[in-house]
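Quick note: the coordinates plus some simple rules give every number you see, no bench work behind them. Quantities reported herein were computed from a predicted structural model and do not represent experimental measurements. Every residue, glycine among them, receives a Cβ derived from its backbone with ideal geometry; neighbour counts consider all protein chains shown.
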């Protein structure tokens, strides 16, 4: 009987510790998922193309601020992937307005000379 009385608290402590470690690992995994899900960068294929048309962009894995150091024409954007390797640019969205106005204030529109 004494062994059972000693075993139960030890078992409880071990199970509690296991739950705690599992919870910590799950939280770390969620944080990693959030960090990975940043919107991708896109480059405009042709400077003369309509910059509000998602079909005119290609995925870009580099730093847009290095690629696009100018102030005049749309060079690239940061936006979610629509699932077909094009950016999501919705009609009348804030992003579309920033593209049309060449507004770089939100760090999702990049210009070149």
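Annotations
- Sorted ascending by nearby beta carbons within 10 Å, beginning with the fewest, 63, 108 become 63, 108.
- Look at 52, 66, 43 and count the other Cβ atoms within 10 Å of each Cβ; fewest to most, that gives 66, 52, 43.
- Both radii are taken from the alpha-carbon atoms of segment 41-112; with Rh as the Kirkwood radius, Rg/Rh is 0.91.
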